[in-house]
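Down below is the structure, laid out as C-alpha cells.
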Amino acid sequence: MAKNGNARSTPAGGALIVHVTSHGFGHLNRTVAVINQVPVDVPVVIRSHPDLFPNWRERLLRPAELDAHVSDAGAVNPVGGSGATDAPATLERALQVHREATARLDDDVAYLRAARPGALLSDGPPLPLAAARLAGVPGYLLGNFTWYDIYEPYARSAGPEAKRLVAEYRDAYRQAVGVFRAEPALKMGWLPNQIDVGLVANPGRDRARGLRKLLGLGTTEKLVYFYIGRYGQDDLDWKRLGSYSGRGVHFVGYHDAPGDAPANLHLVSASEWSGGDLIASTDAVVAKAGYGTVGEAMAHGRPILYPPRRGFSEFRALDRALRAWGGGVPLSSRDFAGMRLDRAFDRAFGAGPLKSPYPVDGAATVARRLTEVCRRARSIEASAGLMDSA
C-alpha cells in the first residue's frame, strides 16, 4: 500500500508527516498501528531509514509515501545479542548521526514550510520536533521513553560532547506541542504536554484454529509465539526447544534456528501472519521485552516469558508493568540462554484469564487526534485560499 519514496516530492497541504527512529522494527510496528487508523483523505508521508521500507510495505494497510530520512541512531547491541546495550558504541554512533542531522536541519525546516503539513508525528527522533517548531508545524511525540532518557545515564561518565548531545536532545523533545504517552512508560517528568493514551498496539485476530491446521496440530498442544528480535540471539540452546515437545509445547515464529531446527519449531510468513495475530492465536509468548510485543501481549491477555535487558532504561518500566500485571514471567539470563523454561511455562499456562492493565485503544486515540489537527489545517488553508481569490 506504500508508494516508493526514493524520489522526494512535496506532499499535499494538510498531510501527516511521520518520522520513525532508525533503531529497529518495534517503533515502526507501533507507529503503523496509528497510521493504519488515519483516514485515507489525510495524506501520509513516512520518513525513515530506507532499510525499513520493506517492513513498512509489509505492515501498511493504507497508501503512504516513503521518504528516506535518518536523524537518530537508537542503541547499539553487541553482535549476536539483543539483550544488552553497548553504551560507548551507542553514544559514538548517536553523535555521528546527530552531527549529520543537525547540518541538514535548515533543509528539513524548508521541506516542512514547502509541504505545509497539518502535523508532524515522531516516534523516537528528537530533531524533527525542533524542525517542526521552527517551521510553524505542530509536532507530536509518540513514545514510552525518549533517547534522552536512554542516553543521559551513559553520558554522565562520558565527555563533554556526549553531555551536549543529551542536552540538545532534551531541548528538541521539549519542542513537541503534545506527547502521546504510550503505557507502559518511563515517568519522563521533565517532558511537558503529555497525553496519556494507554496501549498503542496493533490489533490481532484469534486465528488459532487456522494456525493449528496449518501446523498439523490438534487442540491439546500448547502453542507459543517465539520471537527473539530481528537482531538474533546466538547463545541460545536451540536444541533444548525440542525437549518441550514431550509436554506438548510447540513454538511458532519467523526465524529458523541455526543448524538442525527442532521439529516443534514452526515457521510462518510475516506477510501472512502479523505478530498481533500470532500472539492472539497462541497460548503464551517467549520474547525479549520490547514495547510492541509487551503491548500486544497485554492487549490480547497472553502471558509473556522474557529475559532481562542490560543497559536499557526502557526495560525497567516494562518489567515493572509486566510483574504488576500478573502475566509477565521473568527469566534469568542463564535460563533464557539455556532455554530452561519448564517452571516458567507452569506459571504462564496456569495464569488464568488476563486482562490488559491499560486502555487498549491508544492507536485509535492518537490517530483521531492527528486526523483532527490535519483536517483543521487543511480547512484553514482552503478558507485562506478562497479569501485570497475573493
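The values are calculated or read from the model by the stated rules, or taken from the named source; none is laboratory data. What you are looking at is a predicted structure, and each value in this text was computed from that prediction instead of being measured. Here the Cβ is made from the backbone with ideal geometry for all residues, glycine too, and neighbour counts use every protein chain on show. Remember, those area values only see protein heavy atoms, side chains included, never the ligands or the DNA or RNA. Shrake-Rupley method; radii C 1.70, N 1.55, O 1.52, S 1.80 Å.
Here's the picture: a label point sits 7 Å out from the Cα of ARG247 along the beta-carbon direction, and within the stretch 349-386 the residues with their amide nitrogen under 16 Å of it are 349-352. Near GLY328: Cβ cut-off under 12 Å, other residues only, Lys/Arg at +1 and Asp/Glu at -1. The net charge is +3. At 222 nm, what helix-only mean residue ellipticity would the chain give, in deg cm²/dmol to the nearest 500, using -39500 (n - 2.57) for each DSSP H run of four or more? About -12500 deg cm²/dmol. About the Cα centre, and with charges only on the beta carbon of Lys, Arg (+1) and Asp, Glu (-1), how big is the dipole of the chain? Nearest 20 debye, please. Dipole of the chain, to the nearest 20 debye: 720 debye. Using a ≥ b ≥ c from the Cα gyration tensor of the stretch 54-123 (square roots of the eigenvalues), is it rounded, prolate or oblate, where a/c under 1.5 gives rounded and otherwise the larger of a/b and b/c decides, a/b for prolate? Judged from the Cα gyration tensor, the stretch 54-123 comes out oblate (a/c at least 1.5, b/c at or above a/b). Translational diffusion of the stretch 256-390 was estimated from the Stokes-Einstein equation, with Rh taken as the Kirkwood radius over Cα pairs; at 4 °C and 1.567 mPa s the coefficient is 72 µm²/s. Simple point charges give the picture: +1 on the Cβ of Lys and Arg, -1 on the Cβ of Asp and Glu, and for the stretch 40-158 a dipole about the Cα centre of about 200 debye.
Volume per residue of the convex hull around the Cα atoms, evaluated for the stretch 181-297, comes out as 130 Å³.
Here the stretch 94-152 and the stretch 295-321 have alpha carbon centers that stand 28 Å from each other. Over the stretch 171-227, Cα pairs under 8 Å with separation of 6+ residues give a relative contact order of 26 percent.
In this view, the solvent-accessible surface of PHE315, computed with a 1.4 Å probe and all protein chains in place, comes to about 30 Å².
Globularity index of the stretch 141-183 is 1.24 (Cα radius of gyration / 2.2 N^0.38 Å, N = number of residues). When only Cα pairs below 8 angstrom with a gap of at least 6 residues are kept, the chain shows a relative contact order of 18 percent. As an equivalent ellipsoid, the stretch 323-390 spans semi-axes of 54, 14, 7 angstrom, where each value is the square root of five times an eigenvalue of the C-alpha gyration tensor, largest first. Think of the stretch 290-390 as a dipole: +1 on every Lys or Arg Cβ, -1 on every Asp or Glu Cβ, centred on the Cα centre; then among TYR291, GLY362, CYS374, TYR291 lies furthest on the positive end.
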